[in-house]
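The values are calculated or read from the model by the stated rules, or taken from the named source; none is laboratory data. Note that this is a predicted model, so its numbers are computed, not measured. Quick reminder, even Gly has a Cβ in these numbers, built from the backbone with ideal geometry, and neighbours come from all protein chains shown. These accessible areas exclude ligands, DNA and RNA; they are computed on the full protein's heavy atoms, side chains included. Shrake-Rupley method; radii C 1.70, N 1.55, O 1.52, S 1.80 Å.
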Amino acid sequence: MAAPPATAPATARCLSVAKSCWAAERSSSSFVLSAPATGLRQSGSRVFSIRAKVATGLQRACIADDGAERPWKLSDARLVLEDGSVWTAKSFGASGTQVGEVVFNTSLTGYQEILTDPSYAGQFVLMTNPHIGNTGVNPDDEESNQCFLGGLIIRNLSICTSNWRCKETLEKYLIKRNIMGIYDVDTRAITRRLREDGSLIGVLSTDQSLTDNELLEMAQKWKIVGVDLISGVTCDAPYEWSDKTDSEWEFKRDPSSETFHVVAYDFGIKHNILRRLTSYGCKITVVPANWPASEVLNLKPNGVLFSNGPGDPAAVPYAVKTVQEIIGKVPVFGICMGHQLIGQALGGKTFKMKFGHHGGNHPVCDLRSGRVDISAQNHNYAVDPESLPEGAKVTHVNLNDNSCAGLQYSKMKLMSLQYHPESSPGPHDSDTAFGEFIELMKSNRL
């Protein structure tokens, strides 16, 4: 197809240049061309309005070792894994050296929610979807007030953004938040390595003064098992939450006529968990992870939520003790880390999985009804169902590996899920779990 004339609308030129760029990328994965920002394209009888921003990190010219200037960015970063493998890449976002546990996430969309999920503290997230950054970022999709993960690993960084809610590019967003990112690396090969060998500690670095062996030593010395990561992500003091899911995104059309006071323990809680509970008719008080159980019970709540959070549940015995002091006294709902803490509080054991569950496409079966939900998950630990006491019933299993995905103990007035019913990002199949918690609190009122 011939290129549009110079007088063509800006977006026609943008899309034409993008096509040229895609062709160029097939022959040289680092070569990119700039694109105009806005305009209209006439296509038959339909007109498409597009807002686009150029992702500037891809545009920087670089000086090669031979002194010649190249119109594309050269590899300037390394990912060194504890198994000794070294992966060269191109950097975007912040510069420096960072250590973390490498995990892969299979979600196709929702990278901004993943970046701001506190449960990723101490980890590098590798996105298996190859094209990231095309929708940019916006202030509405934040799951917390900051980014907690150690770094982002992707295959292709989008050359421009095109989304009506976009406010800035992914690279600018990461620079502002001092988060490292790398691209143009073989994410498929790394993912296969993680699936075969399990999660690995890695070092991301743009510091050329450090040798591969020095980075390898850093990776092999760093530990994440047994480390309390919750204390670094929880809130400092109690606060009230009142925001509901925005009406344009709300899919539940029968709001509860009753109001319930729920105290939510912040082990790394996501904003959309709070929004969904509020949309179901809850008044929420959020408290820090180390808040005394006696103070919570003095508030006489209708229920208590134990939230998601990062790391090893065995590394936070104070949280397990809190759960033990609350269960049986009021209805409780545990999500992700909260589910694992409930398992330990009941006398059960948790264990570290080979590579965990991270993504928005995990099938889960409700054993009570046979219903299968596609769920959003993010965890590296699981509850051993064989270690649970009599009376604690497994209600859900992950159909990929048959791991425990939900618990119920009627006598103790508790329920828990290993996955995320708010699903941000992810499908909303499991949103009914919040309604189940409402019914649990209703029955306790009678």
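Determine, at each q value in 0.12, 0.13, 0.14 (inverse angstroms), the log₁₀ of I(q)/I(0) that the Debye formula gives when each Cα of the stretch 231-445 is one equal point scatterer.
With one equal scatterer per Cα and no solvent, log10 I(q)/I(0) is -0.55, -0.66, -0.78.
Can you figure out the FRET efficiency of Lys300 with Ser242, using R₀ = 25 Å and their beta-carbon distance, to the nearest 0.05?
0.85
List the lysines whose Cα lies under 30 Å from the Cα of Lys442, skipping any in the same chain that are fewer than 8 positions away.
Lys244, Lys252, Lys270, Lys283, Lys300, Lys321, Lys329, Lys393, Lys411, Lys413
Of all accessible surface on the stretch 58-206 at a 1.4 Å probe, what whole percent is carbon and sulfur?
Using a 1.4 Å probe with all protein chains present, the stretch 58-206 comes out at 45 percent carbon and sulfur.
Can you give me the distance in nm between label points at Thr88 and Asn444, each placed 7 Å from the Cα along the Cα-to-Cβ direction?
5.9 nm
Take the Cα gyration tensor of the stretch 314-382, multiply each eigenvalue by 5, square-root it, and list the three semi-axes largest first, rounded to whole angstrom.
Rounded to whole Å, the semi-axes are 24, 17, 10.
Quick one: pull the percent of accessible area on the stretch 331-393 belonging to carbon and sulfur, 1.4 Å probe, ligands and nucleic acids left out.
52 percent
Distance between the C-alpha centers of the stretch 91-169 and the stretch 368-446? Whole Å please.
27 Å
What FRET efficiency comes out for the pair Lys354/Glu69, r = Cβ-Cβ distance, R0 = 51 Å, nearest 0.05?
It comes out at approximately 0.65.
Using a basic spin-label model with each label point 7 Å from the Cα along Cα→Cβ, how many nm lie between Gln146 and Asp76?
So the label points at Gln146 and Asp76 sit 2.6 nm apart.
For the stretch 58-206, with every protein chain kept in place, what is the accessible area per residue (1.4 Å probe, Å²)?
On a per-residue basis, the stretch 58-206 sits at 38 Å².
To make sure I understand the rule: partners must be aspartates and glutamates, Cα under 15 Å from the Cα of Lys223, and not fewer than 8 residues away in the same chain. Which ones qualify?
Here the aspartates and glutamates satisfying the reach criterion relative to Lys223 are Glu82, Asp83, Glu101, Asp312.
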